[in-house]
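Laboratory data are not the source of any read-out in this text; all were calculated from the coordinates shown. None of the values given here were measured: they were computed from a predicted structure. No Cβ is skipped: glycine too gets one built from the backbone with ideal geometry, and neighbour counts run over all protein chains shown.
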Ligand SMILES: C[S@@+](CC[C@H](N)C(=O)[O-])C[C@H]1O[C@@H](n2cnc3c(N)ncnc32)[C@H](O)[C@@H]1O
């Protein structure tokens, strides 16, 4: 899938499923958004939530000078419906913020999907003030137990899918290295395995909707939901490994001539 096709797919997908990532994460044992927001508590200055979707981090950063940006009007409408704001419709590759004006960028579940990633990282660097912080939450491919692997095999078999076609696959477990290459100083790179409670047909039905699967037809999605509804059971858990990377924009050192 080329970049243009991906952009068309992701626009249609979020139009059809606004707030889907947040809905899926309500099944988690503890909030991945609270974990993401932790390093940003008490931060002084504007916090830009990149590709904010339905803006689940807004409540986690209730005292912050927060602004959410997203390209999807439907996602922003869902955020507004939940009383969250301020919100701006914009692309992550052309941020509506002045250079060096932002104290922190919060990026929940978006760096593997926003394109073109090099330009997005350049924009994050541009808008962050020196010493500013980027906190990012991304999916991880590692950390599943044998039963976690069996759980995902069950889900992907129901969907007849092998994997999701991330446009930026390196921005998952390779995110820390990617950020170092882009000139950030990585402060921490941690993985945590959350568990989703798949204990009802309703919770199971979120899985086909929450995965990026461009080839998934409505008919196959419905069949997968029926199959996963039969699998759902009291106590059924699906592991979800996530990675949190916290990085700072270095404060420029004065050059030798100026000392
Ligand atoms: C997986 S969702 C995450 C939403 C939210 N951050 C969360 O964690 O619930 C990815 C979001 O990225 C947005 N998005 C995708 N490409 C974008 C781009 N180029 N610029 C801005 N937003 C984009 C989508 O509209 C969607 O809301």
**OP:** Give the distance, in whole Å, between the Cα centre of the range 140-175 and the Cα centre of the range 45-117.
**Re:** 26
**OP:** Measure nothing fancy, just the Cα-based angle from helix 146-159's long axis to the longest principal axis of the chain, in degrees from 0 to 90, nearest 10.
**Re:** 70
Subject >> Structure-based [θ]222 nm, the chain - -39500 (n - 2.57) summed over DSSP H runs of at least 4, per residue, nearest 500 >> reply: -10500 deg cm²/dmol
Original post:
What is the extension gain from residue 80 to residue 11, computed as 0.36 nm multiplied by their sequence separation minus the C-alpha to C-alpha distance, in nm to one decimal?
Top reply: 23.0 nm
Original post:
Against the longest alpha carbon principal axis of the chain, how many degrees, from 0 to 90 and to the nearest 10, is the axis of helix 3-16 turned?
Top reply: 60
**OP:** Find the relative contact order for the range 88-196 and round it to a whole percent, using C-alpha pairs within less than 8 Å whose residues are 6+ positions apart.
**Re:** 29
Original post:
Between residue 202 and residue 219, what length in nm is gained on full extension when 0.36 nm per residue of separation is reduced by their alpha carbon distance?
Top reply: 4.4 nm
Original post:
For residue 227 and residue 142, FRET efficiency with R0 = 25 Å and r from the beta-carbon atoms, rounded to 0.05?
Top reply: 0.40
**OP:** With a/c under 1.5 counting as rounded, go ahead and sort the range 1-129 into rounded, prolate or oblate using the C-alpha gyration tensor (a ≥ b ≥ c being the square roots of the eigenvalues; past the cut-off, prolate if a/b is larger than b/c, else oblate).
**Re:** oblate
Subject >> Whole-number percent relative contact order across the chain, with pairs defined as alpha carbons under 8 Å at least 6 apart >> reply: 21
Original post:
At what distance in nm do the modelled label points of residue 30 and residue 188 sit from each other, each positioned 7 Å from its Cα along Cα→Cβ?
Top reply: 1.1
Original post:
Which whole-number percentage describes the relative contact order of the range 140-259, with Cα contacts under 8 Å and a sequence gap of 6 or more?
Top reply: 40
**OP:** Based solely on C-alpha atoms, express the radius of gyration and the Dmax of the chain in angstrom.
**Re:** 18.7, 71
Subject >> Degrees between helix 201-210 axis and first principal axis of the chain (Cα, 0 to 90, nearest 10) >> reply: 50
